[in-house]
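Undergrad: Got a structure for you, written out below as C-alpha cells; questions coming shortly.
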Amino acid sequence: MSITLSYQSGIYQLKSSQVIDASIEEVWEYFSKPKNLNSLTPEDMDFEITSSIVSETYIGQIISYSISIFPLVRSHWITEITHVKNQRMFIDEQRFGPYAMWHHEHHFETAEGGKTHMYDIVSYKLPLGWLGRIFAGKLIGNRVKKIFTYREKAVDAIFK
C-alpha cells in the first residue's frame with residue numbers, strides 16, 4: 001500500500017493504492033454497499049450512518065453520518081454519490097460537513113493473478129482558509145492518512 005498527501009492552491013490531495021487478494025467482483029460487492037463503511041473506519045471516530053441504508057450505491061444517493069472528529073467533538077456529514085461505473089469506480093462528494101470541500105474517487109481495476117488494484121484520490125479543503133491550514137492542516141492530514149492506513153489493514157483482514 002502506498003499513501004501520499006500533497007497540497008497545492010488551498011487543496012489537499014491524498015492518494016492511496018492497495019492490491020487486494022480478491023476478485024474485482026468480490027471487492028466491488030463489498031465497497032459498493034454503504035453499510036460496510038463502519039468496518040473500514042477507525043473505532044475512535046465512532047462512525048455511524050444516520051440515513052436509511054440501501055443495499056447498493058447509486059448516482060444521486062445521499063448518505064448522512066455522525067462522526068467523532070476529535071474526542072468529545074462530533075460532526076454530522078452529508079455526502080452524495082455523484083458518479084458510479086459498475087466494478088470500476090464511484091465518487092462521493094461532501095454536501096455538508098466538517099470540510100470546506102471533500103471529493104473522494106474510489107477506483108477498482110483487475111490486477112494480475114485474479115487480484116484487485118484499488119486506489120483512491122481524495123481532494124479536500126479545510127474550513128477557515130489560511131487559518132484552518134495553519135492550525136489544523138498537518139493534524140487533519142495525519143488524521144486522514146491514519147484513516148486510510150486503518151482501512152488498508154481492515155481490507156486485508158476482510159479479504160484474507
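Undergrad: Restricting to segment 1-21, name every residue that is in contact with a Gly (Cβ under 8 Å, 6 or more places away or on another chain) and not in a strand (DSSP E or B).
TA: Answer for segment 1-21, where residues must be in contact with a Gly (Cβ under 8 Å, 6 or more places away or on another chain) and not in a strand (DSSP E or B): just GLY10.
Undergrad: Something else: Kindly indicate the residue of segment 13-32 that is open to solvent by less than 40 Å² (accessible area, probe 1.4 Å) and either polar (S, T, N, Q) or at pLDDT below 95 (or both) and also farthest from the chain's Cα centre (by Cα) among those meeting that condition.
TA: My answer is SER23.
Undergrad: Residues of segment 44-77 being more than 19 Å from ILE140 (Cβ to Cβ) and modelled with pLDDT of 90 or more, which ones?
TA: GLU48, ILE49, THR50, SER51, THR57, TYR58, ILE59, GLY60, GLN61, ILE62, ILE63, SER64, listed by residue number.
The values are calculated or read from the model by the stated rules, or taken from the named source; none is laboratory data. What you are looking at is a predicted structure, and each value in this text was computed from that prediction instead of being measured. A quick note on method: Cβ atoms are made from the backbone with ideal geometry, for glycine too, and the neighbour counts reach across all protein chains shown. Side chains are part of the model used for accessible areas, which takes the heavy atoms of the whole protein and leaves out ligands, DNA and RNA. Shrake-Rupley method; radii C 1.70, N 1.55, O 1.52, S 1.80 Å.
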